[in-house]
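Laboratory data are not the source of any read-out in this text; all were calculated from the coordinates shown. All values derive from a computational prediction rather than experimental measurement. Backbone-built Cβ (ideal geometry, glycine too); neighbour counts: all protein chains shown.
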Amino acid sequence: MQAGKYKRIVLKLSGEALAGNKGYGIDPETVERIAREIREIKRTTELEVAIVVGGGNIWRGLAGSSKGMDRATADYMGMLATVMNALALQDALEHSGVDSRVQSAIEMRQVAEPYIRRRAIRHLEKGRVVVFASGTGNPYFSTDTTAALRAAEIEADVILMAKRNTDGVYDCDPRQNPDAKKFTELEYIEVLQRGLGVMDSTATSLCMDNRIPIVVFSIDEPGNILKAACGENIGTIVGGMKNDG
C-alpha cells in the first residue's frame, strides 16, 4: 500500500467530467475510466474515498431559471440529474470490483440510500466508496457547496476538484490569454477576493472556515486522480493541511 498524507478524501466530479468529449449526457467509456482510476486508489492505498457528483451534463438549474423557470424547480431538476450520474458511476465501480453506495439527500429508497452522516462514515471505514447525490437537498446551493459540506461532515482531509480542460487555477482564462499565470498554491481569501472560480464563494468560505484544503487538477490526463489522492504536487492547492494552524 502506498503511503500518503491523506486518510479520507472527497473527490468532486462535475457532470461535464462524466460526459467526456461529448460535452453532454453520460459517456460510458469516460465513466468506466474514472471507475478504473478509483479502483486503483482502493487497490494501492488505504484511502477512504467519497465522491460528490454534479449534474451539469444533463441539466443546469441556473440555465433553466434564466429562461423563466422557477429557480427552486430548476434546481430540484438538477439534483435529479446528479442521481442519474451517481447511479452510472456506481454501476461502473461495481463492474470494476469496487464496493460502493449511493446516498441521496432527497429520499428515493428504491435507487439510493438516504444521506445519513454516521452511515456514510461507517461505509467509508469498511472500505466502500460512497457517492453523494442530490446536492445538499436544497435549491440555491451548488454541488461545490455540497462537496465542502460533506467534506466537513465526514471530516475529510482534502477535496479533490477534478476539472476538464484545465490543469489548475490561473489568473485568467488560459484558452483566451496565452500569458495566463498558473498558481501552484493559493490561500482561500485570495480565491474569494480575486474571484478565481475554484468553487463558488459559499463553498470556498465553508472550506476556509473548516481548513479543508482544495486540490484543483485536470481529469483529462489518465492517472491524475490517483496522483492527486496520493498527495503528489499536481494542479493547484488552495489552503494548507488542516493542522497547519
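Miscellaneous remarks
- For the stretch 71-114, convex hull volume per residue from C-alpha positions, Å³: 59 Å³
- The P(r) of the stretch 8-238 has a tail past 24 Å containing 40 percent of all C-alpha pairs.
- Summed residue charge, Cβ within 10 Å of Arg128's Cβ, Lys/Arg positive, Asp/Glu negative: +1
- With θ taken as phi - 60° and the Karplus curve 6.51 cos²θ - 1.76 cosθ + 1.60 applied, the whole-hertz 3J(HN,Hα) list for the stretch 128-142 is 7, 8, 10, 9, 8, 10, 6, x, 8, x, 10, x, 6, 10, 7 Hz, x standing for glycine and proline.
- With a Förster radius of 22 Å applied to the beta-carbon distance between Asp99 and Thr44, the computed FRET efficiency rounds to 0.85.
- Exposed-site-free run, longest, the chain (rule: GluC sites (Glu not before Pro); DSSP loop; at most 15 other C-beta within 10 Å): 47-106
- Each principal axis of the Cα cloud of the stretch 144-186 was evaluated for its coordinate range; sorted largest first, these ranges are 40, 18, 13 Å.
- Using the rule -39500 (n - 2.57) for each DSSP H run of four or more residues, divided by the residues of the chain, the 222 nm mean residue ellipticity is -11500 deg cm²/dmol.
- Inter-site label distance for Asn165 and Arg117 at 7 Å from Cα along Cβ, in nm: 3.7 nm
- Of all complete DSSP H helices in the chain, those with a Cα span along the helix axis of 27 Å or greater and a mean Kyte-Doolittle hydropathy of -0.5 or more are 71-95.
- Summing Cβ point charges (Lys, Arg +1; Asp, Glu -1) relative to the Cα centre of the chain gives a dipole of roughly 480 debye.
- Relative contact order (%) - criterion: Cα under 8 Å, at least six apart; region: the stretch 8-238: 21 percent
- Measuring between alpha carbons in the structure, the pairs from Lys7/Lys181; Lys7/Lys163; Lys22/Lys163; Lys182/Lys227 lying more than 26 angstrom apart are Lys7/Lys181.
- Descending Cα extents along the principal axes, the stretch 143-245, whole Å: 39, 32, 26
- Computed Rg/Rh of the stretch 9-145, alpha carbon atoms with Kirkwood Rh: 0.98
- In the chain, the DSSP beta bridges split such that about 15 percent are antiparallel, to the nearest 5.
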